[in-house]
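*Asks:* Sharing a structure with you now.
The values are calculated or read from the model by the stated rules, or taken from the named source; none is laboratory data. Being a predicted model, the structure only gives us computed values, none of them experimental. Here the Cβ is made from the backbone with ideal geometry for all residues, glycine too, and neighbour counts use every protein chain on show.
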Amino acid sequence: MEHTVRRIAYEILDKYGDRSMAFVGIHTRGVVFADRVYQVVSEKNSCLSKGTLDITLYRDDQDNLGAAAAVKSSAIPFDVQGSFIILFDDVLYTGRTVRAAIDELIDYGRPARIELAVLIDRGNRELPICPNYTGRYVRTEARERVRVRFRETDSEDAVYLLREGAEE
């Protein structure tokens, strides 16, 4: 996983060098992914900002979440208006999470540009969302799930492909 994080970081550096930009992670594991890439990019670029988004209230499936859905806070400590933002998530599947994140970002202001970095792209999109940076493309079926685990949140770095009904 470390190699993949570094590769994405260097792709960003190769493309944008020391340009001012903001990394925004989608809770929960997108935040960890963004932090890891930020650590590498910030060694060569000091014009970086960081933020986090909790898209719970922007989801289009809130009826399925139940009353106990945990809402975390979003933290965007920079001016979104005119900013160049790279949005980070661990897994891209239908595109609905990213759509919700973009909706929330735009509520903060109108960025000049938004790009997307994902650790795993599962394919099977329902919305026309395409990542600019991809760690790995893993084509999956609807009955399968991809589970990303990070040391910071899960005590290990791992990616699992789980079949329906499999224990996590």
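*Asks:* Residue under question is residue 1, and the condition is that it be closer than 21 Å to residue 123 by Cα, in contact (Cβ under 8 Å) with a residue 40 or more places away in the chain and in contact with a Leu (Cβ under 8 Å, 6 or more places away or on another chain); does it hold?
*Replies:* yes
*Asks:* Does residue 31 satisfy the criteria of being touching a Ser or Thr at 6+ places or on another chain (Cβ under 7 Å), modelled with pLDDT of 95 or more and not hydroxyl-bearing (Ser, Thr, Tyr)?
*Replies:* yes
*Asks:* Find all pairs meeting these conditions: Cβ atoms under 9 angstrom apart; at least six residues apart or on different chains; first residue within region 112-133 and under 15 Å from residue 88 (Cβ atoms); second residue of a type in the set (Phe, Trp, Tyr) and surrounded by fewer than 14 Cβ atoms within 10 Å (Cβ to Cβ).
*Replies:* Correct list of pairs: 120/137; 121/137.
*Asks:* Among the numbered conditions (1) at pLDDT 95 or above; (2) farther than 19 Å from residue 136 by Cβ, tell me where residue 40 comes up short.
*Replies:* Of everything listed in (1) at pLDDT 95 or above; (2) farther than 19 Å from residue 136 by Cβ, residue 40 misses just condition (2).
*Asks:* Could you tell me whether residue 15 is without any contact (Cβ under 8 Å) to a residue 60 or more places away in the chain and surrounded by 12 or more Cβ atoms within 10 Å (Cβ to Cβ)? Before the answer, list the steps.
*Replies:* On the way: without any contact (Cβ under 8 Å) to a residue 60 or more places away in the chain: yes; surrounded by 12 or more Cβ atoms within 10 Å (Cβ to Cβ): no.
In short, no.
*Asks:* Among (1) among the hydroxyl-bearing types (Ser, Thr, Tyr); (2) assigned to a helix (DSSP H, G or I); (3) touching a Phe, Trp or Tyr at 6+ places or on another chain (Cβ under 7 Å), which single condition is residue 4 missing?
*Replies:* In the conditions (1) among the hydroxyl-bearing types (Ser, Thr, Tyr); (2) assigned to a helix (DSSP H, G or I); (3) touching a Phe, Trp or Tyr at 6+ places or on another chain (Cβ under 7 Å), residue 4 misses (3) alone.
*Asks:* Test residue 113 against the criterion of being modelled with pLDDT of 95 or more, of a type in the set (Lys, Arg) and farther than 14 Å from residue 1 by Cα, and give yes or no. Before you say what the answer is, go through the steps one by one.
*Replies:* Working: modelled with pLDDT of 95 or more: yes; of a type in the set (Lys, Arg): yes; farther than 14 Å from residue 1 by Cα: yes.
Yes, satisfied.
*Asks:* Then there's this: How many of the residues in region 101-115 are within 18 Å of residue 127 (Cβ to Cβ) and in a helix (DSSP H, G or I)?
*Replies:* Total meeting the criteria: 6.
*Asks:* Could you please tell me which pairs satisfy a Cβ distance under 9 Å, a separation of 6+ or placement on different chains, a first residue in region 78-100 that is over 12 Å from residue 119 (Cα atoms) and assigned to a helix (DSSP H, G or I), and a second residue that is at pLDDT 95 or above and of a type in the set (Gly, Ala, Ser)?
*Replies:* Filtered contacts from region 78-100: 97/30.
*Asks:* Now, a different point. Identify the single condition in (1) within 25 Å of residue 73 (Cα to Cα); (2) hydroxyl-bearing (Ser, Thr, Tyr); (3) out of contact with any Lys or Arg (no Cβ under 7 Å at 6 or more places or on another chain) that residue 38 does not satisfy, given that it satisfies every other one.
*Replies:* Residue 38 satisfies all of (1) within 25 Å of residue 73 (Cα to Cα); (2) hydroxyl-bearing (Ser, Thr, Tyr); (3) out of contact with any Lys or Arg (no Cβ under 7 Å at 6 or more places or on another chain) except (3).
*Asks:* Oh, and also: Given the structure, is residue 37 under 18 Å from the mean Cα position of the chain (by Cα), part of a loop (DSSP other than H, G, I, E, B), surrounded by 19 or more Cβ atoms within 10 Å (Cβ to Cβ) and touching a residue at least 12 places away in the same chain (Cβ under 8 Å)?
*Replies:* no
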